[in-house]
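S.K.: This structure is in structure tokens; I'll ask about it shortly.
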Amino acid sequence: MAEYATFGLAPATRAGGVLPDGGYQAHRDFLDFIVDGRALLARLADLDAVSPLAADLGPSIFTAHVRRLLLDAEPPLADGRYVLYGCPECEGLACGAVTAVIERDGPDIVWRDFAWQTDETPDLARDGYHGVGPFRFRAGEYRATLERLLADGIPETAARRVLLVGGRVAVLARLAAALRSIGVGAEITRDAAGAAGEELRTYAAVAFDPTVGEDERAAVRAAFAAAGSDAVVVEPLAPIVPLLVARIEEALQRTPDDRRPLTALTATTAEAHVEVSAACRVRLTGYRLDRLHRVRAHDLLDARLEPGRHTVPLDGRLGKRGRGGTFVVARTFGDVRVARVGG
């Protein structure tokens, strides 16, 4: 008999964002499966997916997914297979999903035959995750963990509302629209220092545009502190919407640092340094404003990186120093980081 594995759940995030081509990537908060203390999704390199235990599902759908995992409902796929991770943008099997057989074996629960599935029957020889599982769980621990969700629901996620403070309404309006498109609530104000404490506590972050002076920023920070808010303060960056969205998404990141795939990002004019904790595909983009205040985006890297620290030569690809600074954004599935060049 295989050794027992421990079973748990932990909050995880698939970061949303505005992509360099103008497209949008949806933000999803979900619960990941923790097997022997390690996130199961981290074992599946280069996978952009979320579990069925997502925060934005209706109560009846969420409950149905939990009951399936408890084996209190019929499996959704043939041969006793259950969906463990699916497409973050839709629920269709055509996009691909990680599935596994979940079954009772005496007093235990077993997850086995993990596979990438795009139709009714997976090809285990071709698409199986041969290095993952099988996992044998003690039924008591397994059921207790999932049954708590039936009683309490998914743990409350951090508020995804951002207060945008500044006088450049056109820039902030575009930023607010981009944030709303990825599921982040955004409101604009010119003066937040006098707002009621109960209102300030509803925001998870506050962002300033460069027109807001240091005295005013200090007054706003003091108001949030007096309200007992733990909102993250996003200091001014160049008025580039994809860059600002990435920085705010970074500020709203809920996944604990020890489970984030992007460990660190720094950049000089000559090279960028990105550190990853697990093998993953990383996309690196540079942003700056030219002398005419036009946005310049530079594709710097799109490659699979192995765990560790990697150096990306820039070779002058970012051009001259941008007005308001030059920045590098690193994205991978579920994570984003922003670094100022030279900062």
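S.K.: Quick one: E141 ticks every box in (1) within 16 Å of L69 (Cα to Cα); (2) touching a helix residue (DSSP H, G or I) at 6+ places or on another chain (Cβ under 8 Å); (3) not aromatic (F, W, Y) bar one, so which box is it?
M.R.: Looking at each condition in turn, E141 falls short on (2).
S.K.: Of everything in segment 287-343 that's of a type in the set (S, T, Y) and touching a Lys or Arg at 6+ places or on another chain (Cβ under 8 Å), which residue is modelled with the lowest pLDDT?
M.R.: Looking at residues that are of a type in the set (S, T, Y) and touching a Lys or Arg at 6+ places or on another chain (Cβ under 8 Å), I get T332.
S.K.: Look through A219, A173, A226 and report the one residue that is farther than 22 Å from H27 by Cα, out of contact with any helix residue (DSSP H, G or I) (no Cβ under 9 Å at 6 or more places or on another chain) and of a type outside the set (D, E, K, R).
M.R.: A219
S.K.: Taking segment 220-242 on its own, how many of its residues are modelled with pLDDT of 85 or more and either over 16 Å from the mean Cα position of the chain (by Cα) or assigned to a loop (DSSP other than H, G, I, E, B) (or both)?
M.R.: Qualifying residue count, segment 220-242: 16.
S.K.: Which residues, taken from segment 271-303, are farther than 21 Å from L244 by Cα, outside any strand (DSSP E or B) and open to solvent by 60 Å² or more (accessible area, probe 1.4 Å)?
M.R.: Scanning segment 271-303 gives a single hit, S277.
S.K.: Go through segment 52-130 and tell me which strands (runs of 3 or more DSSP E), entirely inside it, have 3 or more residues that are more than 23 Å from the chain's Cα centre (by Cα), surrounded by 13 or more Cβ atoms within 10 Å (Cβ to Cβ) and touching a residue at least 24 places away in the same chain (Cβ under 8 Å).
M.R.: 97-105, 108-117
Yes/no per residue for (1) of a type in the set (A, V, I, L, M); (2) within 30 Å of A176 (Cβ to Cβ); (3) in the same structural domain as A12 (by the TED database):
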position: L243; (1), (2), (3): yes, yes, no
position: A272; (1), (2), (3): yes, yes, no
position: D290; (1), (2), (3): no, yes, no
position: R296; (1), (2), (3): no, yes, no
position: R304; (1), (2), (3): no, no, no
position: T311; (1), (2), (3): no, no, no
position: G319; (1), (2), (3): no, yes, no
position: F327; (1), (2), (3): no, yes, no
position: V336; (1), (2), (3): yes, yes, no
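The values are calculated or read from the model by the stated rules, or taken from the named source; none is laboratory data. Everything numeric in this text was worked out from a predicted model, so none of it was measured. Positions of Cβ are backbone-derived with ideal geometry, glycine not excepted, and every protein chain shown enters the neighbour counts. Surface areas here come from the heavy atoms of the whole protein model, side chains and all, with no ligands, DNA or RNA. Shrake-Rupley method; radii C 1.70, N 1.55, O 1.52, S 1.80 Å.
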